[in-house]
Amino acid sequence: MKYDHINIEKKWQDKWEEKGVFHAENNSVKEKFFALIEFPYPSGQGLHVGHPRPYTALDTVARKRRLQGYNVLYPIGWDAFGLPTENYAIKNHIHPAIVTQNNIARFKKQIQSLGISFDWSREVNTTDPSYFKWTQWIFLQLFKHNLAYKKEMSVNWCTSCKCVLANEEVVNGVCERCGSEVIRKVKSQWMLKITEYAQRLVDDLDTVDYPERVKAQQKNWIGRSTGAEVDFTATTGDTLTVYTTRPDTLFGATYMVVSPEHPYIEKWTDIIENIDEVRAYQQEAAKKSDFERTEMAKDKTGVMIKGVRAVNPVNNTEIPIFISDYVLVSYGTGAIMAVPAHDTRDWEFAKKFDLPIIEVVKGGNVQEEAFTDCATGVMVNSGMLDGLSVEDAKVKIKQWLTENGKGKEKVNFKLRDWVFSRQRYWGEPIPIINCPCCGYVPLDESELPLELPMVDSYEPTDTGESPLANITEWVNVKCPKCGKDAQRETDTMPQWAGSSWYFLRYMDPHNDTALASKEALEYWSPVDWYNGGMEHTTLHLLYSRFWHKFLYDIGVVPTAEPYAKRTSHGMILGENGEKMSKSRGNVVNPDEVVAEYGADTLRLYEMFIGDFEKSAPWSPDGIRGCRRFIERFYNLTSNIIDSDEIRPEMESAFHKTIKKVGEDIENIKFNTAIASLMSLINDLVNKGVTREELRIFTILVDPFAPHVAEEVWETANLGEGMVAEQKWPEYDEAKCKDETIEIAVQVNGKIKAKLNIAADAENDEVIALAKADEKVSNAIGNMKVVKEIYVKGKLVNIVVKP
RNA sequence: GCCGGUGUGGUGGAAUAGGCAGACACAAGGGACUUAAAAUCCCUCGAACCACAAAUUCGUACCGGUUCAAGUCCGGUCACCGGCACCA
């Protein structure tokens, strides 16, 4: 019997929607389960087969949880602001809003053809004013709590997008999005103080269930380090503070280095004897991008500042001060004490400039190379620290510094504040008015949403100003505070804004008096299970945790963390094992797969292709096995034994499969869950299937291949209603066990025979049986038995000696 | 350089409180059905030895260790992937 996937899948998709079986209830006494996927950016390319992998995975979980009686919220929406849409709009002279609308329509049609159990009644769209009203509202709260501020600073500027980028968006010195060169540009930017939350963003990772690799990457990115600030006194009388993680090596500091941007250079202009040389070096450094500076890391450059020296507070030694671009202005204090004996960078610099190298931790040959692997060493040449371990020396010197007013313990982070403005049209306008008298004045909340003006030209400008700046009728307003002439902020928010809180909107998507009602937030928070890509670990995931913590602090949301559990899917690669991309020509469009094999086959294959957390290459051959499974399942309906019971000989197989499939789904081992269903169906095809067996099997298949499950349910008349309305079967642990089992018998670890024994047979009994076996006794021969081991249900090992 | 991960048949991948390596599937080969093909069904399928079978030996990147027993644990090496990187 041929399986007509085209008509059957359409039929059930319509029925599900008609009955609203996937709609979540907001006022339910049932236990809730909130499953979340990263909502897609509706690009012009449409879906490729990588998109459905996470959607299907959580759909499998969501469908199973519904069958288990949970009130499941599994929503979707569109992260639709952003540059690709805007660039496409500019090129083709279509308004980005129209482009967005078209792309969404296409994405929606594609996704709906997959039969994912999304609650479409809660669809959100970040570009919808009723949505971004609340994105702007959150920004205003951040502003009011001094977490949003404007700052003149050197920023990453993409020469092609003509737009500022966050540090996170610069990859290897080029724009993450378009691959163009990124240069430094000094601009006034809106910033968000994510650094204020750095410590909590690290600490609270202990309270959530994320994969270790995700936690590690976030910690790495936040880059917490503990050390000390040490005050050196310059010969000018100024205090020059450095940050170090190795205060124990203070006696080994033979010179200092300040970054080219350090403010003391200005201050000391008249004192520095070689100021021209210093200035020239500053200018050279300023020309280089951050990337160039780090690329040339190997070769240290710098200039000694003549006329000023610094005094080491522990031994009053005068040491020289250099400027060098290997010291970054943006980290610590922008100045370091250099300990060449125990730091590779300082060592290289000291060698180049012929500076003294003093060993302060015993163990290496510091004239040959820096001895950095010295955490367990002993202090030397260090006055009061001599003889102490590195660990103890750290404690003692910090104490000394504090007591003598020469420094203090200090924690530093690599994380920097979030550059939040973009000089583009297609983003949320920042709801701030710049008044010459009152400064930055927040728009009154009653004026939200502040919508984008409809314009003809939204091309970026070369001057670095937002295209909104040219629209004078929009820009020029009266100051809400003093009523005088003022101007709107013309920068827009980055794409990360709308996606930093979208999961909250799903809880109550049509609310127009709050981002979501208190009741909805209380009931649905936190997200129970969030699946997404590793590429968002340091961007979206960190940003949204930051916003959520802020919303928690001001009493808007009930939990400190937004996501209780996070999982990550591997990519679907092209047939050639490379990442799918248009330029590589290895993109597989799900539409074609759905047309040829059906959505169920695609879903099943995406889950069967391999370990969900690892990437796997697409195989046009591999998918055929999944289609075969669907057909074998469908054809079971013509092989039914008229019985409403599980046959005794099938009992353990069914109980085991129920257990395995259920556990594997929760543990994201979809591939082995499907393998166990395949094993069972192979048996059923041979032995036939009773009505009850088919009923159970169909429910187990449903989370993976819901259309064919419904069709089988209906065709075989297995029960009232749809499969989607049934109860997930329970298993009985006692019935998962077989009465007789096969064990292996080894002699000295080599398998000699297989034995069928009763599962509950005792040690002695099994060993006696094993020894009675002809092959085993031959192997033992007349050697001496020294040990007999029976591992219950697994094997026997008889250890013999000649 | 630092952090994280991975390494198993022709292929995708199973198997870790240490216990029969290769489940499940794909591809390939052989057979049945068919005028033929497709589909379907049955058989074989890590390697060596061998006419064949039985038996034996080898085999989870590499070297070594612990153990009755190691893909799994420990020490070391190599390769690849991802992230970070002059962060003091």
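Data table
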{"quantity": "Matching entry among A:Gly387, A:Gly363 (being over 26 Å from A:Phe349 (Cα atoms) and modelled with pLDDT under 95)", "calculated": "A:Gly387"}
{"quantity": "Residue among A:Glu649, A:Glu714 that alone is more than 16 Å from RNA strand B (Cβ to nearest atom) and surrounded by 16 or more Cβ atoms within 10 Å (Cβ to Cβ)", "calculated": "A:Glu714"}
{"quantity": "Tally, over the range A:545-572, of residues that are open to solvent by less than 40 Å² (accessible area, probe 1.4 Å) and either part of a helix (DSSP H, G or I) or among the basic types (Lys, Arg) (or both)", "calculated": "8"}
{"quantity": "Those residues of the range A:194-209 which are touching a helix residue (DSSP H, G or I) at 6+ places or on another chain (Cβ under 8 Å) and not hydrophobic (A, V, I, L, M, F, W, C), in sequence order", "calculated": "A:Tyr197, A:Arg200, A:Asp204"}
{"quantity": "Those residues of the range A:393-441 which are aromatic (Phe, Trp, Tyr), open to solvent by 30 Å² or more (accessible area, probe 1.4 Å) and either over 36 Å from the mean Cα position of the chain (by Cα) or within 16 Å of RNA strand B (Cβ to nearest atom) (or both), in sequence order", "calculated": "A:Trp400, A:Phe413"}
{"quantity": "Extreme residue, surrounded by the most Cβ atoms within 10 Å (Cβ to Cβ), among residues of the range A:527-544 that are within 16 Å of RNA strand B (Cβ to nearest atom) and either free of Cβ contacts under 8 Å to residues at least 40 places away in the same chain or outside any helix (DSSP H, G or I) (or both)", "calculated": "A:Thr537"}
{"quantity": "Flag for A:Gly749 being open to solvent by 30 Å² or more (accessible area, probe 1.4 Å) and more than 15 Å from RNA strand B (Cβ to nearest atom)", "calculated": "no"}
{"quantity": "Near pairs, Cβ below 6 angstrom, 6+ apart or cross-chain, from the range A:787-802 (free of Cβ contacts under 8 Å to residues at least 40 places away in the same chain) to any residue that is more than 6 Å from RNA strand B (Cβ to nearest atom) and open to solvent by 80 Å² or more (accessible area, probe 1.4 Å)", "calculated": "A:Lys801/A:Lys784"}
{"quantity": "Residue within the range A:730-748 that is touching a residue at least 24 places away in the same chain (Cβ under 8 Å), within 30 Å of A:Gln13 (Cβ to Cβ) and either outside any helix (DSSP H, G or I) or of a type in the set (D, E, K, R) (or both) present", "calculated": "yes"}
{"quantity": "Selection count where residues are open to solvent by less than 40 Å² (accessible area, probe 1.4 Å) and either part of a strand (DSSP E or B) or within 6 Å of RNA strand B (Cβ to nearest atom) (or both), scope the range A:322-331", "calculated": "4"}
{"quantity": "Verdict on A:Asp346 being within 16 Å of RNA strand B (Cβ to nearest atom) and within 41 Å of the chain's Cα centre (by Cα)", "calculated": "yes"}
{"quantity": "Index of the failed condition, A:Thr126 passing every other in (1) among the hydroxyl-bearing types (Ser, Thr, Tyr); (2) in contact (Cβ under 8 Å) with a residue 40 or more places away in the chain; (3) out of contact with any Asp or Glu (no Cβ under 6 Å at 6 or more places or on another chain)", "calculated": "(3)"}
{"quantity": "Whichever residue in the range A:664-691 is open to solvent by 10 Å² or more (accessible area, probe 1.4 Å) and more than 26 Å from A:Ile640 (Cα to Cα) and, among such residues, is farthest from RNA strand B (Cβ to nearest atom)", "calculated": "A:Glu666"}
{"quantity": "Leading residue by the ranking (surrounded by the most Cβ atoms within 10 Å (Cβ to Cβ)) among those in the range A:573-597 that are within 21 Å of the chain's Cα centre (by Cα) and aliphatic (A, V, I, L, M)", "calculated": "A:Met580"}
{"quantity": "Filtered residue count, the range A:611-635, keeping only those that are assigned to a helix (DSSP H, G or I) and either more than 7 Å from RNA strand B (Cβ to nearest atom) or of a type outside the set (D, E, K, R) (or both)", "calculated": "10"}
{"quantity": "Residue ID - most open to solvent (accessible area, probe 1.4 Å), chosen from residues in the range A:9-25 that are touching a Phe, Trp or Tyr at 6+ places or on another chain (Cβ under 9 Å), at pLDDT 95 or above and not small (Gly, Ala, Ser)", "calculated": "A:His23"}
{"quantity": "Residues that are in contact with a Pro (Cβ under 6 Å, 6 or more places away or on another chain), among the aliphatic types (A, V, I, L, M) and modelled with pLDDT of 95 or more, drawn from the range A:75-119", "calculated": "A:Ala80, A:Ile104, A:Leu114"}
{"quantity": "Condition met for A:Gly610 (open to solvent by less than 40 Å² (accessible area, probe 1.4 Å), touching a residue at least 60 places away in the same chain (Cβ under 8 Å) and not aliphatic (A, V, I, L, M))", "calculated": "yes"}
{"quantity": "Selection count, the range A:506-519, where residues are surrounded by fewer than 20 Cβ atoms within 10 Å (Cβ to Cβ) and among the aliphatic types (A, V, I, L, M)", "calculated": "1"}
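Here's the yes/no breakdown for (1) free of Cβ contacts under 8 Å to residues at least 24 places away in the same chain; (2) over 23 Å from A:Ala57 (Cα atoms); (3) among the aliphatic types (A, V, I, L, M):
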| residue | (1), (2), (3) |
| --- | --- |
| A:Ser643 | no, yes, no |
| A:Met650 | no, yes, yes |
| A:Glu663 | yes, no, no |
| A:Ala673 | no, no, yes |
| A:Ser676 | yes, no, no |
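One line per residue, one yes/no per condition, for (1) open to solvent by 30 Å² or more (accessible area, probe 1.4 Å); (2) free of Cβ contacts under 8 Å to residues at least 12 places away in the same chain:
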| residue | (1), (2) |
| --- | --- |
| A:Ser130 | yes, no |
| A:Arg177 | yes, no |
| A:Val208 | no, no |
| A:Ala216 | yes, yes |
| A:Gly223 | no, no |
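The values are calculated or read from the model by the stated rules, or taken from the named source; none is laboratory data. Please read all numbers here as calculations on a predicted model, not as lab measurements. We place every Cβ from the backbone using ideal geometry, glycine too, and count neighbours over all the protein chains shown. These accessible areas exclude ligands, DNA and RNA; they are computed on the full protein's heavy atoms, side chains included. Shrake-Rupley method; radii C 1.70, N 1.55, O 1.52, S 1.80 Å.
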